[in-house]
Structure formats: structure tokens, C-alpha cells
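K.L.:
First the structure, which I've put down as C-alpha cells, then a few questions once you've had a look.
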Amino acid sequence: MKIAVLIKQVPSSEAKIRVGGDGRSIDTDGVEYVVNPYDEFAMEAALQAKEKFGGEVVVFGLGGDKVEESLRQCLALGADQAVVLRDAAFQGSDSLGVARILAAAVKGAEPNLVFCGKVGIDRDDAAVGVMVAELLGMPHVSVVTELEWTDESHCKVGREIEGGSETLEVTLPAVLTANKGLNEPRYASLKGIMMAKKKPMEVKDAAALGIDASTVGSGAALTNVVKMEPPAERTAGKMIQGDAAQMVQELVRVLKDEAKVL
Amino acid sequence: MAKKILVFGEQRGGALKKSVLEIIGLAQSISGGGSVDVVTMGEGIGSVGEALAATGASVHVADDASLAQPSPEAYVAQIDAAVQAVQPDVVLFTASAMGRDLAPRVAARMGAGFISECISLDANGDGFAAKKSMYGGKVFATVESKAGAKLVATVKPGAHKAAEAAGGGAVNAMAVAAPSSLGAKVTSVQQQATDRPDLAEADVIVAGGRGLKEAENFKLIEEVATPLGAALGASRAIVDAGWVPHHYQVGQTGISVSPKLYIAIGISGAIQHLAGMRQSGCIVAINKDAEAPIFKVADYGLVGDAFEIAPLLAKELEKACS
């Protein structure tokens, strides 16, 4: 089985995010970047499928030098090969542009299965994985929380919906976007980390991917972030005093009379 | 500029998703004298079509056994047929499990721009401008679509006024456009038997964290939530510890919420948690550590023992809310 995993590098969820000097992007100074948390579940699902059926896991990442760290971590976990997608023409792509780049790269690898996280926790778009499926002409299931293999080309997956879940039968090839709860991602072993240094990491540009540069990048972007603002400040409110019973009575009173939310 | 707007009329099992009416209301308010069409699909959904037409929108209905269960492959083909017929400037979805699943695929098929989870959306000359949260609520972005470009967007429920019954919308039956075989097919749907509202849409949320000490003490949260008719929330710490399922998690790697009232019990307030709940109307924090960061965003703070306060609060709320 050939499995592609799409990896994004994002600021850690613990990072403080400040608006940058241009007022339309974030200040990346001092921000720690990590593998997108949902991509870790995608990566684990890919490794489990490989362990079950044999084959190969190829990880793809778009970006500068930093993304190589994330891809190297995936190699340490057990991916066989990494592909970095990098070209000045890719800069400023919107979600569809990013999906076009990834779809072109993934198509070349001819995978049976494509995994990615359900959403990047930076832009919170939850768009690219599903768009890649459309561009590849593959079915997709998004927000997958359960996965059970029937055989090498069929699986049963569960996805969350409002107040419950749906079960689907999937025939490969397909794109699955992973949610938290799908599995427990493993840690890299020392041996894995050593081996990762010798595994192939290839850099591909627009020409190598056969991408028409006019369909990606800022020139082709149909949406643009024009402004970023911090959330409205909240000031610390009233500390309610007294013993437990007094505090509770006072709280219920203010919720009713002041905040008018009861 | 007058806009042609197509809205996806989401339904499940013949019940129209309530927030669709909000999206139609939004569409009517920004169309600038253009047009509002709705496309809906399923099996046995005649009443859904009528309810949608009552808003005055032109409704395109595909009613067929092959559309009984949602499927990106089938539904996107059907929506695309409506896009071909209507030639809209923008296609709007409610930001639900189904809307989020379909919308990016529709955008890719149309070659359109895409903005997800819009808190607001308005016409902006020859294009559109939307506001959405990014980084789990740590920043808010204004996103514009390029002039003249088609757009697909998902809109957060609860942010817009529902369309009122104006009557007079036409109902057009559509031919089935879905492919005959599907690569991914829904075989069953499990709905949890619960009286509680969905976390993402709840007006009141009561959430618990590590201050509860053990999984079984989460029942204190339930006791406080019950008289309020509240949804249950949780910090990442107790989700990761396996006390409650992931869909309870509020924060950057969970659900971002903005209820009228958010009661945090035993939650210290990690940055990624605060990002996901600081848009709430009124925040109450109960924590034994007076220095906990949660108090910096709380409208009302109670420093004390959750095990003592929560049962008393449940009792007082029962009296107050009955």
C-alpha cells in the first residue's frame, strides 16, 4: 500500500499569537513551530496501515527550511520518504493554490490512500485536504475519529457529526482527514531518529511538479487576509467573596440581576 | 453591486437545519437586489423545500433515494448542477459537520475562492469581505475575495438573524446528478440520546478541568449543567487524560465557543483554552488558585473548592431556573 501524508507546520497551540507590524499577518518572532497536531493522528493512521498491509509512507510538506524539521520528525516516526514542495511561485497561495500544489505532488506518487489532519490550527480553514480529494478525483471522508480495515482496499470509518457520528464504507483510493481520538500517536524512538537522518528528503519546485505557476501563489489567490486584529480585550471582573454558600448565592443573584443570563 | 447567492439547504432525515434560515437571512441582507437561490437534497424532503420557499428564495430540490444519506461525491455533483443553473457569485453553507465537509470540495470544483467559519460576511464592491477567527481565536482576520472571483464560504451558526416567512419562492425539481457508485458511503448514523444542546451551538456551557481531580467527579459538571440546560465542555488536560470524549474539548484543538454564559470549574485557563472561549458573553470561573489565568478573562470569579461550591451551585440553580 502506498500512503501519502500531508504535513503542515504551525505555531504550537501553547504559543502566544501577536499581530505583526503589517497588520495582516502574525509576528513569528519567538513563536515555536510544530507539526500540526491533527497531522500527528494522520501520520499515526498511515503508519498503522503500513504495518498492517506493508508498503510505503511518503510525507509531503509545503514551505521553507523549517518544514524540513517537521518532515524529518515524520521520517523518525517511520515514514519512508519525504518531499518538500518549495518554489518562490508558491508564496502567498490561498487554500486552493496550496491544494493544487499538494495534489500535483501526491498524484506523482500514485498513492492508494492520502491522510491529512482535519484542520490546520493556524488559519483554521479545514479546506486543503478535502480540496486535494476533489482535485485528485478521489472520494474523501473528513473529521475521521474511527478507522477499521476490512481489507487492503476497503475500510470502515466513523466521523463526528452534531450530536453523534456517521459510519461510512470507503473504497480506496481515498483521502481521509484525521480528528483527535482516531488513535494515540507514537513517539519517535532513538533508532527512528538515527535512521531518519539517512532517509531520502527530496525538494520539488513548480517545474518538477508540472505546475503552471500562474495557477498558484499570490497572483492566483482568490482570497486575501487584509487585516488581523487581536480579540477584544476582556478585563478581569468581580471576585465574589464569602464562604462557599455566600459566594454561590451572590453568584446566582448577579447572573440573574446584573448579567441577566439566567 | 447586486449579488447572485446560492445557499445549501442542509437537512437530515427530512428536518431542515435551523441555521440554514440564518444563512438565507444573511444572503437576503447582502444580495443588494440580486437573487437568493437555495439548493437542497435528500429523500422525501417535500416539506423542507416548502419551508425554504417560504423565505421567498427560489428553491432547487433534488429528491431521490440515492440522496437519502449525505455524501460529498453525490451532494457536490448535485450542488454543482445548481451552480451551473444559477451561476452564483457566492455559494454559502452553514458551518456544520456537513457544510464543512462539502464546501471546500465545491470550491475546488468551481475554481472558487474559499473562506470558512465566517462570523460576518458582506458584499465588498465586486467581491466579498468576511471576518473569521484564526489560531483558534487568538486573532481575528478580515478576508477579502478578489473582485469578480466566485466565492464559497461557510458561515458560523448563531451570528445572523433568521429569514422570516415572506412567501412566494418557487420550488423547482432537479434531475439527479449524483454518480451511480460512491467511493465513500454512509452505512449508518448514530445519534446520542441526550437532552443536552450541541457544544458548538449552546447558549450556556459548563466546563470542567483538572481541578476535578478524577474522571468520576465530572458528574459535578453535569449536575451544574442540568438545571441550566447547558452543554458540557472540558479542558484539553482531562480530554487527554481520557476522562471525557474529545468532542467535549473547548479550545484551539477542540471547539471554539461563544455562548451567552460559560462556567469554568477547576479550569486554570491555558492559553489555547482561553482562545476558544473568550468570546463568550459572560464568563464565570471557579478555581481554588486565585492566581489562575482564567480569572483574568472572567466576569465573575469564585476562589474556592470546586467540590464544595459545585453541589451548592447546582442546588441554587435548580431553585433559580425552575
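The values are calculated or read from the model by the stated rules, or taken from the named source; none is laboratory data. Because the structure is predicted, anything quoted here is derived from the model rather than measured. Cβ coordinates were reconstructed from backbone atoms using ideal geometry, including for glycine residues, and neighbour counts include every protein chain displayed.
K.L.:
Without any contact (Cβ under 8 Å) to a residue 60 or more places away in the chain, of a type in the set (Ser, Thr, Tyr) and either more than 7 Å from chain B (Cβ to nearest Cβ) or assigned to a loop (DSSP other than H, G, I, E, B) (or both), is that true of residue A:145?
P.N.:
On the way: without any contact (Cβ under 8 Å) to a residue 60 or more places away in the chain: yes; of a type in the set (Ser, Thr, Tyr): yes; either more than 7 Å from chain B (Cβ to nearest Cβ) or assigned to a loop (DSSP other than H, G, I, E, B) (or both): yes.
The answer is yes for residue A:145.
K.L.:
Given the options A:188, A:126, name the one that is among the aliphatic types (A, V, I, L, M), outside any strand (DSSP E or B), at the interface with chain B (Cβ under 7 Å from one of its Cβ atoms) and buried (at least 16 other Cβ atoms within 10 Å of the Cβ).
P.N.:
A:126
K.L.:
While we're here: Out of (1) surrounded by fewer than 21 Cβ atoms within 10 Å (Cβ to Cβ); (2) touching a Leu at 6+ places or on another chain (Cβ under 9 Å); (3) in a strand (DSSP E or B), the odd one out for residue A:167 is which?
P.N.:
It fails just one condition, (2).
K.L.:
Check off (1) at pLDDT below 95; (2) within 22 Å of residue B:192 (Cα to Cα) for residue A:169 and give me the number that stays unchecked.
P.N.:
Failing condition for residue A:169: (1).
K.L.:
Right, something else. Which ones in the range B:235-287 are in contact (Cβ under 8 Å) with a residue 24 or more places away in the chain, within 23 Å of residue A:183 (Cα to Cα) and of a type in the set (Gly, Ala, Ser)?
P.N.:
Result: B:235, B:237, B:241, B:242, B:251, B:256.
K.L.:
Whether any residue in the range A:108-123 is in contact with a Leu (Cβ under 8 Å, 6 or more places away or on another chain), surrounded by fewer than 24 Cβ atoms within 10 Å (Cβ to Cβ) and in a helix (DSSP H, G or I) is what I want to check.
P.N.:
yes
K.L.:
I would also like to ask the following. Could you list all residues from the range B:286-309 that are more than 9 Å from chain A (Cβ to nearest Cβ) and crowded, with 18+ Cβ neighbours inside 10 Å? Break it down into steps so the answer makes sense when it comes.
P.N.:
Residues of the range B:286-309 that are more than 9 Å from chain A (Cβ to nearest Cβ), as a first pass: B:287-289, B:291-294, B:306-307.
Selection gives B:287, B:292, B:294, B:306.
K.L.:
Still on this structure, I have one more. Does residue A:199 meet the test of being assigned to a loop (DSSP other than H, G, I, E, B), in contact (Cβ under 8 Å) with a residue 40 or more places away in the chain and within 30 Å of residue A:95 (Cα to Cα)? Outline the logic, then answer.
P.N.:
On the way: assigned to a loop (DSSP other than H, G, I, E, B): yes; in contact (Cβ under 8 Å) with a residue 40 or more places away in the chain: yes; within 30 Å of residue A:95 (Cα to Cα): yes.
For residue A:199, the condition - assigned to a loop (DSSP other than H, G, I, E, B), in contact (Cβ under 8 Å) with a residue 40 or more places away in the chain and within 30 Å of residue A:95 (Cα to Cα) - is met.
K.L.:
So which of B:208, B:233, B:254 ends up being at the interface with chain A (Cβ under 9 Å from one of its Cβ atoms) and crowded, with 23+ Cβ neighbours inside 10 Å?
P.N.:
Numbers: B:208 fails: at the interface with chain A (Cβ under 9 Å from one of its Cβ atoms); B:233 fails: at the interface with chain A (Cβ under 9 Å from one of its Cβ atoms).
After ruling out the rest, the residue left standing is B:254.
K.L.:
On to the next question. Exactly one condition in (1) over 29 Å from residue B:113 (Cα atoms); (2) in contact with a strand residue (DSSP E or B) (Cβ under 9 Å, 6 or more places away or on another chain) is false for residue A:188; which is it?
P.N.:
The failed condition is (2).
K.L.:
If you don't mind, there's one more thing I want to ask. Facing another protein chain (nearest Cβ under 7 Å), under 22 Å from the mean Cα position of the chain (by Cα) and among the hydrophobic types (A, V, I, L, M, F, W, C): is that true of residue B:97 in this structure?
P.N.:
Working: facing another protein chain (nearest Cβ under 7 Å): yes; under 22 Å from the mean Cα position of the chain (by Cα): yes; among the hydrophobic types (A, V, I, L, M, F, W, C): yes.
Considered against the rule, which asks whether it is facing another protein chain (nearest Cβ under 7 Å), under 22 Å from the mean Cα position of the chain (by Cα) and among the hydrophobic types (A, V, I, L, M, F, W, C), residue B:97 comes out as yes.
K.L.:
Given (1) assigned by TED's automatic domain parsing to the domain that holds residue B:108; (2) surrounded by fewer than 17 Cβ atoms within 10 Å (Cβ to Cβ); (3) more than 21 Å from residue B:25 (Cα to Cα), where does residue B:188 come up short, assuming only one miss?
P.N.:
All conditions pass for residue B:188, except number (1).
K.L.:
Being more than 14 Å from chain B (Cβ to nearest Cβ) and in a loop (DSSP other than H, G, I, E, B), is that true of even one residue in the range A:31-48?
P.N.:
Taking every residue of the range A:31-48 in turn, none turns out to be more than 14 Å from chain B (Cβ to nearest Cβ) and in a loop (DSSP other than H, G, I, E, B).
K.L.:
For the list (1) exposed (fewer than 12 other Cβ atoms within 10 Å of the Cβ); (2) on the phi > 0 side of the Ramachandran plot, I need the number of the one condition that residue A:243 fails.
P.N.:
(2)
K.L.:
Taking the conditions exactly as written (hydrophobic (A, V, I, L, M, F, W, C) and within 14 Å of chain A (Cβ to nearest Cβ)), does residue B:141 satisfy them or not?
P.N.:
Details: hydrophobic (A, V, I, L, M, F, W, C): yes; within 14 Å of chain A (Cβ to nearest Cβ): yes.
Yes; evaluated as a whole, the condition is true for this residue.
K.L.:
Turning to a different aspect of this structure: Under 9 Å between Cβ atoms, which residue pairs at least 6 apart in sequence (or on different chains) link something in the range A:171-193 that is in the same structural domain as residue A:103 (by TED's automatic domain parsing) with a partner that is part of a loop (DSSP other than H, G, I, E, B) and of a type in the set (Asp, Glu)?
P.N.:
Here the result reads A:172/A:152; A:173/A:110, each pair linking the range A:171-193 to a residue that is part of a loop (DSSP other than H, G, I, E, B) and of a type in the set (Asp, Glu).
K.L.:
Of these, B:158, B:167, which one is part of a loop (DSSP other than H, G, I, E, B), at pLDDT below 95 and under 30 Å from residue A:13 (Cα atoms)? Let's see the steps before the verdict.
P.N.:
Values: B:167 fails: under 30 Å from residue A:13 (Cα atoms).
Result: B:158 is the single residue among B:158, B:167 that is part of a loop (DSSP other than H, G, I, E, B), at pLDDT below 95 and under 30 Å from residue A:13 (Cα atoms).
K.L.:
Can you find a residue that is surrounded by 17 or more Cβ atoms within 10 Å (Cβ to Cβ), farther than 21 Å from residue A:4 by Cβ, of a type outside the set (Phe, Trp, Tyr) and modelled with pLDDT of 95 or more anywhere in the range A:194-217?
P.N.:
Within the range A:194-217 (the criterion being surrounded by 17 or more Cβ atoms within 10 Å (Cβ to Cβ), farther than 21 Å from residue A:4 by Cβ, of a type outside the set (Phe, Trp, Tyr) and modelled with pLDDT of 95 or more), the answer is yes, since at least one residue qualifies.
K.L.:
Inside the range B:108-117, can you point out the residues that are facing another protein chain (nearest Cβ under 7 Å), part of a helix (DSSP H, G or I) and either charged (D, E, K, R) or more than 18 Å from residue A:141 (Cα to Cα) (or both)?
P.N.:
B:109
K.L.:
Only residues that are facing chain A (nearest Cβ under 9 Å) and buried (at least 17 other Cβ atoms within 10 Å of the Cβ): list them for the range B:155-182, please. Give the steps one after another, and end with the answer.
P.N.:
Step one: list which residues in the range B:155-182 are facing chain A (nearest Cβ under 9 Å), which gives B:181-182.
B:182, the sole residue that qualifies.
K.L.:
Take the residues in the range A:205-236 that are out of contact with any strand residue (DSSP E or B) (no Cβ under 6 Å at 6 or more places or on another chain) and among the charged types (D, E, K, R), then tell me which one is farthest from the other protein chains (Cβ to nearest Cβ).
P.N.:
It comes out as A:205.
K.L.:
Looking for something in contact with a Lys or Arg (Cβ under 6 Å, 6 or more places away or on another chain) and within 14 Å of chain B (Cβ to nearest Cβ) - is there at least one such residue anywhere in the range A:57-69?
P.N.:
Start the filter on the range A:57-69 by keeping residues that are in contact with a Lys or Arg (Cβ under 6 Å, 6 or more places away or on another chain), which leaves A:57.
Right, trim to within 14 Å of chain B (Cβ to nearest Cβ) and you get none.
No: the range A:57-69 contains no residue that is in contact with a Lys or Arg (Cβ under 6 Å, 6 or more places away or on another chain) and within 14 Å of chain B (Cβ to nearest Cβ).
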